[in-house]
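Working notes for the structure below.
The values are calculated or read from the model by the stated rules, or taken from the named source; none is laboratory data. All values derive from a computational prediction rather than experimental measurement. Every residue, glycine as well, gets a Cβ built from its backbone with ideal geometry; the counts of neighbours run over all protein chains shown. The area values use the complete protein model at the heavy-atom level, side chains included, leaving out ligands, DNA and RNA. Shrake-Rupley method; radii C 1.70, N 1.55, O 1.52, S 1.80 Å.
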Amino acid sequence: MAVRIYTTPSCVYCNKAKQYFRENKISFTEYNVANDMRRAEEMVKKSGQMGVPVVDVNGRIIVGFNQPEIERALHR
């Protein structure tokens with residue numbers, strides 16, 4: 001399973017999402033879009049959004065820390 005999260009350092013919901021993944025022992029790759037413009041462009045292309053977090057679970061894009069949607073995507 002591939003989980004990617006696009007974040008910024010000051011984003012409260014990004015930190016909540018990362019905490020959720022850590023507490024549930026779900027490995028993820030984090031991209032800091034504040035420092036990586038290529039990843040920021042990738043995030044906008046995937047989500048159509050500038051806001052973070054953007055969570056990509058096996059290609060399913062979830063904007064924001066929407067725990068029920070994340071859990072549905074993880075259990076597919």
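Points to keep in mind about this one:
- For Val44, solvent-accessible area (1.4 Å; no DNA, RNA or ligand), Å²: 50
- Estimated at the nearest 10 Å², the accessible area of Arg38 is 150 Å² with a 1.4 Å probe.
- The C-alpha atoms of the chain define a longest principal axis, and helix 37-47 lies at about 50 degrees to it.
- The chain, accessible area per residue, ligands and nucleic acids excluded (1.4 Å, Å²): 62
- Calculated FRET value between Lys45 and His75, using beta carbons and R₀ = 22 Å, to 0.05: 0.25
- Mean residue ellipticity at 222 nm, helices only, the chain: -12000 deg cm²/dmol; runs of at least 4 DSSP H residues each add -39,500 (n - 2.57), and the sum is divided by the number of residues.
- By accessible area, using a 1.4 Å probe on protein heavy atoms only, the chain has 47% of its surface on carbon and sulfur.
- Mean projection area, nm², convex hull over Cα of the chain: 4.4
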